[in-house]
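Asks: Sharing a structure below in structure tokens format, with a few things to ask.
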Amino acid sequence: MTERQSIHGQWSSRLVFILAATGSAVGLGNVWKFPYITGENGGGAFVIVYLLCIAVVGIPIMMAEIMLGRRGRQSPINTMASLSQEEGANRNWSLVGWSGVLAGFFILSYYSVIAGWALAYVVRASVGEFNGLDAGGVQDLFNGLVGDPERLLAWHTLFMLMSMFVVAKGVKAGLEKAVTFLMPALFVLLVVLVGYAMNTGYFIQGVEFLFKADFNKLIYSCQVVNDLEQCEVSGSPLLVAMGHAFFTLSLGMGAIMVYGSYMPKKASIAGSAILIAVLDTLVALVAGMAIFPIVFANGLEPAAGPGLIFQTLPIAFGAMPGGQFFGTLFFVLLVFAAWSSAISLIEPAVAWLVENRNMTRIRAAAWIGLTTWVLGLGTVFSFNLWSEFKLFDKTFFDLLDYLTANIMLPLGGVLIAVFSGWLMKRESSRDEFAMPSGGYHLWWYLIRYLSPLAVVVVFLHAIGIL
Ligand code: TRP
């Protein structure tokens, strides 16, 4: 096969690919979502399942996505179409790309609203609104924000404009440089917060919550109602943990595939995937270690839901020396982390519009931005005007989140695994990976059997069959 070139350009080095992919992986998923879903699902046991999923499902599928992307060198839709032709499979495999584009729209529509909260908190931190606040004060502050549709709308709009701007310029010219130093800075600040958490007197309790496994909590989901704990059998913690492994690594919808299509030929795929997964996991665990001690020290509820970090971290910033500065910096960095993730959610769609509709990146980004912005209104209102409107006991935001993270991404991941493990010829994947045979065989075994099986088992468990 003659080697393809991407019409969209290429990362200048392996390091840049790693930065971009880590920028995509590390985002609100690590700092905002991981703590709140861990809190909702009882801690330790949930975290262990999540870590297992990263290892046996996440890393092999990430390798597969990068491999397919680099071999196809096009948007995921066209990559899947060309590769399936080349490998003698049905062309309809391009549907994996289409479902990914849809999932990207859905995710970005609410991701942008939550990133808007972080933007709002930059302003609040910088004017000293957190100073001396107690748990009640912080809760009022949060409720004041999410209860106000106009404010949410304004911040959502700003974040969408920021994301479209970078995507229009091209991912490479856009965020490449910023990500290089902002992500390490976010990590350092999280470590500072862990330092604060160590002084709350509840550090051990927080860490135990994160790492001490009570496997009953995976089977029963319990809620405290009128001071009584009520438990019911539930299949969802396993599914949520697995879904989050996909979400946090940006897998299952083509984001990593499209980034892989800009990857230099010689760079190691396995090494990059492992490094990205380790960095991403580290950020999530450190965020958890910062947040839970603060939760317990202030008598807050770990299962507080999507507002968790916005109702806990300000207490820490309000109390620590230099908190006004650190608080501002923290939310600025969180915005950057979200920003470098958001662009990867629409890059597959933009690349396709450029390839197939001959659009400029600017036009493509504008159209996609507008569509996503409109869809985002649903999430904006789900926290206020429509908060009572529920389907399957879920608000519009909860539904979108559940549908994407727990269903669409794992499904996309299984299809990617089946394609690269069963339909693609071994010589093809082997040639693209170009890695030692021991590593290749391990990957091949995982992608053919263990990864898809794990996802299917969790699905069946969630619908009550297993
Ligand atoms: N991984 C990002 C986070 O943790 C979110 C994200 C970016 C994503 N691109 C994605 C999730 C693609 C799923 C698919 O915040």
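The values are calculated or read from the model by the stated rules, or taken from the named source; none is laboratory data. Quantities reported herein were computed from a predicted structural model and do not represent experimental measurements. Heads up, the Cβs are rebuilt from the backbone with ideal geometry, glycines too, and the neighbour counts pull from every protein chain shown. These area figures cover heavy atoms from the full protein model, side chains too; ligands, DNA and RNA do not enter into them. Shrake-Rupley method; radii C 1.70, N 1.55, O 1.52, S 1.80 Å.
Yes or no, residue by residue, for (1) open to solvent by 10 Å² or more (accessible area, probe 1.4 Å); (2) assigned to a helix (DSSP H, G or I); (3) within 30 Å of ASN216 (Cβ to Cβ):
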{"position": "ALA20", "(1), (2), (3)": "yes, yes, no"}
{"position": "TYR50", "(1), (2), (3)": "no, yes, yes"}
{"position": "ILE66", "(1), (2), (3)": "no, yes, no"}
{"position": "VAL122", "(1), (2), (3)": "yes, yes, no"}
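Asks: Take TYR110 and tell me if it is within 16 Å of the chain's Cα centre (by Cα) and either crowded, with 21+ Cβ neighbours inside 10 Å or modelled with pLDDT of 95 or more (or both).
Replies: Numbers: within 16 Å of the chain's Cα centre (by Cα): yes; either crowded, with 21+ Cβ neighbours inside 10 Å or modelled with pLDDT of 95 or more (or both): yes.
Taking the combined requirement at face value, the residue satisfies it.
Asks: Which of (1) of a type outside the set (A, V, I, L, M); (2) on the phi > 0 side of the Ramachandran plot; (3) surrounded by 16 or more Cβ atoms within 10 Å (Cβ to Cβ) is the odd one out, the single condition PHE392 does not satisfy?
Replies: (3)
Asks: Further question: Could you list, in sequence order, the residues of segment 24-44 that are in contact with a Phe, Trp or Tyr (Cβ under 7 Å, 6 or more places away or on another chain), in a helix (DSSP H, G or I) and either of a type in the set (S, T, N, Q) or away from the ligand (no atom under 16 Å from the Cβ) (or both)?
Replies: SER24, THR38, GLY44
Asks: Which one is surrounded by the most Cβ atoms within 10 Å (Cβ to Cβ) among residues in segment 395-433 that are over 30 Å from ASN384 (Cβ atoms) and without any contact (Cβ under 8 Å) to a residue 60 or more places away in the chain? Before the answer, list the steps.
Replies: Just the residues of segment 395-433 that are over 30 Å from ASN384 (Cβ atoms), to begin with: 410-433.
So of that shortlist, the ones also without any contact (Cβ under 8 Å) to a residue 60 or more places away in the chain come out as 414, 418, 422, 426-427, 430-431.
Numbers: VAL414: 21, VAL418: 18, TRP422: 11, ARG426: 10, GLU427: 8, ARG430: 17, ASP431: 12.
So the residue we want is VAL414.
Asks: Kindly list, by first and then second residue, each pair from a residue in segment 96-113 that is within 12 Å of the ligand (Cβ to nearest atom) to a residue that is of a type in the set (D, E, K, R), limited to pairs with Cβ atoms under 9 Å and residues at least 6 apart or on different chains.
Replies: That search, which allows pairs on different chains as well, returns GLY104/GLU347; PHE106/ASP401; ILE107/ASP401; TYR110/ASP401.
Asks: Any idea which of ALA245, ALA273, ALA267 is part of a helix (DSSP H, G or I), more than 13 Å from the ligand (Cβ to nearest atom) and either at pLDDT 90 or above or β-branched (Val, Ile, Thr) (or both)?
Replies: Values: ALA245 fails: more than 13 Å from the ligand (Cβ to nearest atom); ALA267 fails: part of a helix (DSSP H, G or I).
Checking each option against the conditions leaves just ALA273.
Asks: When ALA342 is evaluated against the numbered criteria (1) within 16 Å of the ligand (Cβ to nearest atom); (2) surrounded by 24 or more Cβ atoms within 10 Å (Cβ to Cβ); (3) more than 14 Å from TRP32 (Cβ to Cβ); (4) of a type in the set (A, V, I, L, M, F, W, C), which criterion, by number, is the only one it fails?
Replies: The failed condition is (3).
Asks: Something else now. Helices (runs of 4 or more DSSP H) wholly in segment 364-466 with at least 2 residues that are closer than 30 Å to ALA89 by Cβ - which ones?
Replies: Once the helices (runs of 4 or more DSSP H) in segment 364-466 are filtered for at least 2 residues that are closer than 30 Å to ALA89 by Cβ, what remains is 409-418, 426-433, 437-445, 451-462.
Asks: Please indicate, with yes or no, whether at least one residue in segment 3-16 is in a helix (DSSP H, G or I) and open to solvent by less than 40 Å² (accessible area, probe 1.4 Å).
Replies: Looking only at segment 3-16, we keep the residues that are in a helix (DSSP H, G or I), and these are 14-16.
Now drop any that are not open to solvent by less than 40 Å² (accessible area, probe 1.4 Å), which leaves 16.
Checked against the condition, which is being in a helix (DSSP H, G or I) and open to solvent by less than 40 Å² (accessible area, probe 1.4 Å), segment 3-16 yields at least one hit.
Asks: Also, I was wondering about something else. Could you give every pair whose Cβ atoms fall below 8 Å, whose first residue belongs to segment 44-56 and is at positive phi and of a type outside the set (D, E, K, R), and whose second residue is assigned to a helix (DSSP H, G or I) and modelled with pLDDT of 95 or more, counting only separations of at least 6 or pairs across chains?
Replies: none
Asks: If you take the residues in segment 130-175 that are open to solvent by 30 Å² or more (accessible area, probe 1.4 Å), modelled with pLDDT under 95 and in a loop (DSSP other than H, G, I, E, B), which one is farthest from TYR110 (Cα to Cα)?
Replies: GLY132
Asks: Same structure again: I need the full set of residues from segment 441-464 which are hydrophobic (A, V, I, L, M, F, W, C), over 13 Å from ALA55 (Cβ atoms), touching a residue at least 60 places away in the same chain (Cβ under 8 Å) and open to solvent by 40 Å² or more (accessible area, probe 1.4 Å), in order please.
Replies: Going through segment 441-464, the residues hydrophobic (A, V, I, L, M, F, W, C) turn out to be 442-444, 446-447, 450, 453-460, 462-463.
Restricting the remaining residues to those that are over 13 Å from ALA55 (Cβ atoms) gives 444, 447, 453, 455-460, 462-463.
Keeping just the survivors that are touching a residue at least 60 places away in the same chain (Cβ under 8 Å) gives 447, 455, 458-459, 462-463.
The answer is PHE459, ILE463.
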